[in-house]
Amino acid sequence: MSLNALGYSNVNLGSDVSLIMPESMKHQGLAYPALPNCKSRIVSVPCTNATSATSGQNLIISLPNQGVYKKQSGYLKFKVKTTTAAAAFKNDSGVSSLFNRITITSGGVIEVLQNYDFYAGIILNTLTNSSYYNADAYILEGTNGRALATSDTEFCMPILSNILGNQKSLPLFLLAQPLQIELQLNALARAVYSTTATAVTEITVSDIRFVYENIYPGADYESAVRSHVQQNGAYTFNFDTYLGHQVSVTSGSALSFNGGIGKQSVEAVLAVNVENGDLTSVGASSNKLGLMTRVSTSNDDSTDLGLSCFLDGQSVLPQPINKNSQLLIEGQRACNSCFDTLATLACDGTKYGKNEAEGGCMVAGFNCRVFDEQNVVSGVPVSNFQLVRTQTYSADALVLIYCIYKAILRIDASGMTSLQS
């Protein structure tokens, strides 16, 4: 930890500071004024449509269109309790298993995070590590089987959106309407499982807030940015996001799925699967971690997976993925963490693929990036893709597919938003 981090001041009413322009607030081609009267404040915005919610319901939070959302500063804070019996979160994603879809809008739709619960499971299992998953994420997000009780337990969850988690700060003051975050809660059986012989009958989420740092840069900065937008037509904000697909497969069948993408810069295709029984049962005998893509019901390599991805008819890999080792490394490559010794598979490797705690998951991944350097458009144009698995499924399952691509948010002079991809 840098000692410089200890010298930064932030109070509820804002503190006057004189700053050099941070990189996260710069925009290409724009000359910036100094920030002699910049203020910052930690903001806690409550849910606007409800004080509490149960499974299947929606929550809405609106961030005022004022100031600048400081990059990577926001998180959801809320309480969760169960009805009838104790429980724990499914599918390796902690409290993220509560959320089926997260939609971010301001006038128009900016980002839709479909099947968010399993997407969060991919991130937590592939782009963190066991130490983080078992300690920090256990406390913050309830990973690794942390128990839910019939009394309130508080969680703090970062939303894995690259609008909110970007390296650039978002100028909320340019928006004509507040930035709205809509959270759709999962059905009960997709979110939690009972940890006792008594079945949990409901979950309740309450005291919902979004906490973030807001920067008030001053009138000179805002005037300079607005002038730039008037002259150039729009303020642009680059981010990564995904397009979601899903397909049901039956026991004893293989997989051959054709889907549309229609994006100009596709970076990766990720896929996981979960057995239908694990989506519909809250019993203690249901799959506790919602096992994702796996070679077999054990952790051996006795069967070839036969997994391939084709982009507009061209195979991403020269041969299909057949064994655990290649499944892992290609998943890491697709998540941009190949050979990263800090971001590791969060599960216990000896238990991989087994229906038990710490059995963990691997994501099936296909990397499409041409370059990895920062600020370089690195993906490839793709109209359609095909995902193939020749190994048959041992049970009815749902396959969830995430097509990662680069997008550009445009904010015009009237404050209206539109997307390019």
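The values are calculated or read from the model by the stated rules, or taken from the named source; none is laboratory data. These numbers were taken from a predicted model, which means no experiment stands behind them. Neighbour counts run over all protein chains shown; Cβ positions are idealised from the backbone, glycine included.
Assorted remarks:
- Residue in the range 320-335 that is surrounded by fewer than 13 Cβ atoms within 10 Å (Cβ to Cβ) and modelled with pLDDT of 65 or more present: yes
- Selection status of Phe173, at pLDDT 95 or above and closer than 15 Å to Tyr75 by Cβ: no
- Figure legend. Inter-residue proximity from the range 298-313: first residues within 12 Å of Leu327 (Cβ to Cβ) and among the acidic types (Asp, Glu), second residues buried (at least 16 other Cβ atoms within 10 Å of the Cβ) and at pLDDT below 95, beta-carbon distance below 6 Å, spacing 6+ or different chains. Indicated pairs: Asp301/Asn324; Asp304/Asn322.
- Pairs, first more than 13 Å from Gly415 (Cα to Cα) in the range 224-250, second of a type in the set (Asp, Glu), C-beta under 9 Å, six or more apart: Phe239/Glu111; Asp240/Glu267; Thr241/Glu111; Ser248/Asp396; Val249/Asp396; Thr250/Asp396
- Filtered residue count, the range 35-56, keeping only those that are of a type outside the set (Ser, Thr, Tyr), touching a residue at least 40 places away in the same chain (Cβ under 8 Å) and exposed (fewer than 14 other Cβ atoms within 10 Å of the Cβ): 3
- Residues satisfying the stated conditions in the range 191-201, i.e. of a type outside the set (A, V, I, L, M, F, W, C) and crowded, with 16+ Cβ neighbours inside 10 Å: Tyr193, Ser194, Thr195
- Of all residues making up the range 209-237, the number that are surrounded by 14 or more Cβ atoms within 10 Å (Cβ to Cβ) and outside any helix (DSSP H, G or I): 14
- A count restricted to the range 30-85 and to residues that are touching a Lys or Arg at 6+ places or on another chain (Cβ under 8 Å) and modelled with pLDDT under 95 stands at 3.
- Some residue of the range 191-208 being of a type in the set (D, E, K, R) and modelled with pLDDT under 95: no
- Test: residue in the range 397-410 that is touching a helix residue (DSSP H, G or I) at 6+ places or on another chain (Cβ under 8 Å), in a loop (DSSP other than H, G, I, E, B), modelled with pLDDT under 95 and not assigned by TED's automatic domain parsing to the domain that holds Gln231: no
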